[in-house]
1. Taking 0.36 nm per intervening residue step and subtracting the Cα-Cα distance, what contour gain separates A:Ser25 from A:Glu311 on full extension?
2. Obtain the nm distance between the two label points defined at B:Leu95 and A:Ser87 by a simple spin-label model: each point lies 7 Å from its Cα along the Cα-to-C-beta direction.
3. Translational diffusion coefficient, Stokes-Einstein: compute it for the stretch B:1-114 using the Kirkwood radius over C-alpha pairs as Rh, at 25 °C and 0.890 mPa s, and state it as an integer in µm² s⁻¹.
4. Each label point is 7 Å from the Cα along the Cα-to-Cβ direction; what then is the distance between the points at A:Thr363 and A:Thr320, in nm?
5. Using 1/(1 + (r/R0)^6) with R0 = 30 angstrom and r between the beta carbons of A:His237 and A:Asp292, what's the FRET efficiency to the nearest 0.05?
6. Starting from the 7 Å offset along Cα-to-Cβ, what nm value, one decimal, do you get for the label separation of A:Leu7 and B:Gln113?
7. I'm a student and want to see the number: the projected area of the Cα convex hull of the protein assembly as shown, averaged over all directions, in nm².
8. Multiplying the sequence separation of A:Glu223 and A:Leu133 by 0.36 nm and subtracting their Cα-Cα distance, what value in nm do you get?
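What follows draws every value from the coordinates through simple rules; no lab data is involved. Remember, it's a predicted structure, so these values are computed and weren't measured experimentally. Heads up, the Cβs are rebuilt from the backbone with ideal geometry, glycines too, and the neighbour counts pull from every protein chain shown.
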Amino acid sequence: MLQRCVLLLGAGTALHFSLGRANPSFLAYPWGVILAVNYLYLLILLRANADKWQWVKRWYDRAAYITSLASMLVLTLLFGLIRQDGSTEGLAGVLGLTQMSSSWIFNLFLLHFTTVMGLKAIDDVWHWRRRKLPNVLIHLSVFIIFTAAIFGSGDKEKVKVTLPLGVPEQMGVAHDGLSARLPFALTLKEFVLDEYPPHIHLYAMEALSPEFVVIDGEGSGGELGPWRVECVGYLSHAARLSADSGYVDMQHVGATTAVLLKAVHTDTGQSVEGWVSCGSHIFGGSTLHLPDGSQLVMPQREAKKYLSRVEVVSAKQSRTFDISVNHPATLGPWKIYQTGYDSARGRWSTISVLECVKDGWYTLVHIAMWMILAAGALLFAMGWGSRKKQKEEKV
Amino acid sequence: MNWQSFPYFAIAAVLCWLAGTLSAFRKRQRGALVLSGLGSAIFLVFIIGFWMVLDRPPLRTMGETRLWYSFFLSVVGIGLYSKCRYPWMLGFSTLMSLVFTLINILKPEIHSQTLMPALQSLWFVPHVIVYMFSYAMLGAATLFALYLWLRKSPEEPSDEEWSVCDSLVRIGWAFLSLGMTMGALWAKEAWGDYWTWDPKETWALATWFSYLLYLHLRPANRNHHLLFAWLTFSFILLQMCWWGINLLPSAQGVSVHTY
Ligand code: HEM
């Protein structure tokens with residue numbers, strides 16, 4: 001076992017010195033699938049002949065799986081402990097462990113682990129016993145996921161597209177930084193941003209208080225440090241025409257949120273009133289200076305929800321989707337994700353940033369993951385005292 | 001209901017848990033279960049009320065996750081006690097819940113947080129609750145293992161005790177797997193990647209491997225020194241994953257999970 005680990009370590013190091021970082025592009029479709037099918041066939045072949053070839057058994061016996069698990073634990077710990085900045089300094093850098101997920105050492109051990117587990121999973125299915133259903137499910141599903149992760153790693157297509165309002169776009173930037181052409185064209189029809197109500201913080205000693213009060217209309221307010229803050233005027237679409245005037249209601253591009261606040265000192269009763277606004281890319285912001293030197297400030301309002309209405313036109317069809325975070329659009333093997341917008345303009349953003357991801361392994365991995373969920377639930381349901389039951393059955 | 005009213009609920013719940021533990025040591029089993037259950041119920045009422053007032057699940061800040069942890073620990077303690085009738089099990093879970101409740105009273109992280117769009121997902125609640133439940137199970141497993149390990153006599157755990165310990169680890173590990181898988185499904189839905197080797201994910205995987213190793217070592221092994229040391233080590237990894245990475249130099253500024 002130790003020999004096997006030393007061998008893997010040596011091979012990984014040698015590959016790292018001769019090839020540099022592991023680049024999975026050689027696994028791009030169709031090669032990843034072809035290799036995966038052959039790999040699976042090889043494992044089944046090995047297991048089928050395990051009685052003839054005794055050495056195969058040594059590949060998934062107890063010593064093998066304990067070692068493979070332990071080696072993965074050690075590597076994952078190193079992964080967590082070594083800063084992943086891709087530096088080439090120090091021993092870790094020289095061995096490529098500062099970018100663990102593309103290091104040969106890590107990936108060879110992962111392949112070894114997956115192989116041991118694969119043999120075990122096939123063996124499980126061979127000796128099917130209902131009582132062990134959760135174990136079989138787990139070995140099998142984790143095996144599928146790791147296999148897909150290894151052989152599918154060259155298939156990832158992720159294209160970032162920045163869409164200006166109303167202009168069709170078919171080009172984007174792939175994850176390697178090169179420009180990429182999509183098999184469909186995207187047009188941003190509408191961008192909608194919902195924001196949380198403004199938060200007012202106290203700014204004192206060059207730091208923003210972690211506490212804040214939420215201002216969602218006239219009369220709202222609360223206490224911040226020694227100050228009682230109350231909103232006496234609320235403009236959701238406000239503009240300020242000069243730096244020392246107040247804010248006026250204005251439905252104009254770039255209109256910002258402005259609140260007229262009254263602050264009363266809870267001990268002295270001292271009181272101040274003035275406008276506070278986060279400003280926008282067009283109109284300036286404003287803070288309220290308090291007599292004790294602190295200020296009331298409104299940071300940029302946080303986005304609650306943002307949504308792009310996008311028309312997708314491919315050779316076959318034309319469809320309109322509402323895409324928001326956690327709600328990607330699906331188009332064949334492609335999924336289109338909402339990732340960003342022009343945050344300096346906030347609700348007035350006229351661009352939307354989307355990411356198109358093609359993942360041919362999606363269904364397989366999803367099935368395997370739902371198998372884990374099922375296995376986890378089963379393990380929970382059967383978990384208590386199962387060992388006792390096993391013993392009783394043996395007796 | 002908010003952090004200002006938390007101490008009242010917390011004190012009421014803790015008093016019930018203490019009374020329950022006391023009854024357990026006096027061999028009043030029914031009373032122990034009822035009182036401890038009442039304590040957990042009071043705690044749950046606060047959590048649900050807090051949820052409604054916040055208008056979002058209270059799972060966003062460390063303080064909020066500690067609420068769930070205290071609650072689940074008490075529930076796990078009651079479950080264990082009703083199975084095995086060891087009074088000290090209630091005692092331990094009460095003590096642990098008490099510690100986490102005290103942290104929340106003495107160092108409340110009351111500044112509220114908004115839910116950014118990525119967190120607004122059906123997966124958010126099950127993902128975090130499943131993890132908290134798992135942490136409670138594995139915390140109980142660790143305490144149990146330490147008790148079996150450090151007590152004077154008998155030296156060797158009985159079959160019954162092994163079975164309790166293994167069940168705790170197995171269920172805790174099953175929930176780790178559930179939490180991790182839900183996280184991966186969620187990440188795919190939100191960002192298009194199942195797994196990005198974010199430090200929190202890396203440490204979660206290390207924790208998962210470590211408990212998995214225990215589960216695989218156990219069947220052919222009764223060396224309780226090794227196994228209990230292993231459980232303790234695994235629990236340290238779990239702590240790294242839960243809050244340790246907030247302090248870890250190799251994770252600074254790169255994790256989306258630091259809070
Ligand atoms: C990610 C990888 C793995 C997972 C998630 C996994 C999961 C499990 C689980 C949950 C059990 C039941 C343990 C119990 O409840 O006592 C189990 C048992 C077992 N696993 Fe794995 N396993 C993994 C890898 C492996 C590997 C690589 C092997 C290699 C051969 C293996 C061999 C076994 C065996 C022989 C048992 C039966 C132990 C017993 O007697 O209960 N496992 N596995």
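1. Details: separation 286, 0.36 × 286 = 102.96 nm, distance 3.13 nm.
Net length gain for the segment: 99.8 nm.
2. 4.3 nm
3. Details: Rh = 14.0 Å.
The calculation lands on 175 µm²/s.
4. Once both label points are built, they end up 3.0 nm from each other.
5. Values: r = 32 Å, r/R0 = 1.07.
For R0 = 30 Å, the calculated efficiency reads 0.40.
6. Those two pseudo-labels are separated by 4.7 nm.
7. Numbers: hull surface 141.8 nm².
Its Cα hull, projected and averaged over all orientations, spans 35.5 nm².
8. Details: separation 90, 0.36 × 90 = 32.40 nm, distance 5.75 nm.
Once the chain is fully extended between A:Glu223 and A:Leu133, it gains 26.6 nm.
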